[in-house]
Each structure stands twice: as C-alpha cells, then as structure tokens.
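Visitor: Structure below; questions to follow.
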Amino acid sequence: MRIRRLLALVFATATLAGVSVVGAAAAQAATYPGISAEQCTAQGGTVNAAMPYRSATCTFPDGHSESIT
C-alpha cells in the first residue's frame with residue numbers, strides 16, 4: 001500500500017512538471033519580439049513614450065503591444 005502511494009505521488013509530480021513545461025513553451029511562443037520605433041510606425045503602430053518603470057511601447061491596430069528595443 002505504501003508503494004502505491006509513493007508511485008502515485010511520483011506520477012502526479014511528473015505530470016505536473018510536464019504540464020508546466022508545456023505551459024511555459026506555449027507562453028514563450030505567444031510573446032512578440034521587441035522591435036524598433038521605425039518598424040513600429042512602418043507597420044501602422046503607435047509609439048507610446050516611456051514612463052517611469054516602463055519602457056517605450058508600440059501599440060498595433062490589432063490591439064497588442066510590444067516593447068521597443
């Protein structure tokens with residue numbers, strides 16, 4: 001009985017670790033790379049000025065924003 005509990009715990013831990021890896025990979029794939037201000041305006045975006053604790057960003061017509069590098 002004790003071995004079953006141990007195996008169940010190992011299996012649950014491995015499953016959660018696998019889900020975490022898949023979630024992290026999906027989140028990384030969904031992020032947009034940083035662009036320059038010139039690329040932003042060329043693609044129809046609006047450059048938003050930098051503020052304290054926040055760098056300049058580009059807001060695109062579809063609604064998403066990217067950091068300006």
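Visitor: Select from the stretch 46-69 the residues that are open to solvent by less than 40 Å² (accessible area, probe 1.4 Å) and part of a strand (DSSP E or B) and list them in ascending order.
Guide: Matches in the stretch 46-69: THR57, CYS58, GLU66, ILE68.
Visitor: Condition (residue is closer than 23 Å to ILE68 by Cα, modelled with pLDDT of 70 or more and in a helix (DSSP H, G or I)) applied to the stretch 29-38: is it met by at least one residue? Before you say what the answer is, go through the steps one by one.
Guide: Of the stretch 29-38, the ones closer than 23 Å to ILE68 by Cα are 29-38.
Now narrow it down to the ones that are modelled with pLDDT of 70 or more: 34-38.
Those left that are additionally in a helix (DSSP H, G or I): 37-38.
The answer is yes; a qualifying residue exists.
The values are calculated or read from the model by the stated rules, or taken from the named source; none is laboratory data. Just so it is clear, the structure is predicted and the values come from calculations on it, not from any experiment. Note: areas computed on protein heavy atoms with side chains; ligands, DNA, RNA excluded. Shrake-Rupley method; radii C 1.70, N 1.55, O 1.52, S 1.80 Å.
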